[in-house]
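Take a look at the structure set out below.
Values quoted throughout were computed directly from the atomic coordinates according to the rules given, and no laboratory measurement underlies them. Since we're looking at a predicted model, the values are computed, not measured. We place every Cβ from the backbone using ideal geometry, glycine too, and count neighbours over all the protein chains shown.
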Amino acid sequence: MKKYLFIISCILTFGNMWSQESDSEKNLSVQNNIESVINSDKFQFIGFTALPMGWAPVDLGSNINSIVFSEELIVSNMPYYGRGWAGGGFSNDRGVVFTGAPSEYNLEKTSKGYELIAKVEANDEIFTISLSVSRNGNAMLTINSRNRTSITYQGQISKVKKDD
């Protein structure tokens, strides 16, 4: 009986060690993938949840949304939930939708991942965009404008498909 317990405990111990090694290899692979995405010519943020200032979180699972980043051009198609101050009222505003060349684009590697700050002037607004990306690809995107309350999105980054 002791012999069987010893064998089972050895199997569990070594199995757990192999599992931990494969988890660390998997994490390293994910980190390398995120680094290659960030260092590519362009990448995209896909939002899962919108966190409007002063409102309840909004699930974006059924909404098509993305913001594509490159040093030359930022293309945003993000929904907006919040308050606006400059005209529009209940207009056909589809959200934070713009295409523009960034006047400022600063991407830095940090101890926790990456930080990107960009400014884009489009559609008579100036958007300040802040993107924090963790090592596993999870990201927080905040968009500020002088005409609207700021809004934050939770999501992930990924490579841009060739047809985008």
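Of the residues ARG135, ARG148, ARG83, the one with the fewest other Cβ atoms within 10 Å heads the list, and the complete ranking is ARG83, ARG135, ARG148. Each principal axis of the Cα cloud of region 35-159 was taken in turn, and the coordinate range along them, longest first, works out to 42, 30, 23 Å.
Put in order of Cβ neighbour count within 10 Å, fewest first, the listed residues MET53, MET78 become MET53, MET78.
Counting Lys +1, Arg +1, Asp -1, Glu -1, what net charge surrounds PRO102 among other residues with beta carbon under 11 Å of its beta carbon?
Value of the local net charge: -3.
Shown for LYS159, LYS112: other C-beta atoms within 10 Å of each C-beta, ranked fewest to most, produce the order LYS112, LYS159. Net charge dipole, region 35-159: roughly 320 debye, given to the nearest 20, about the Cα centre with Cβ charges of +1 for Lys and Arg and -1 for Asp and Glu.
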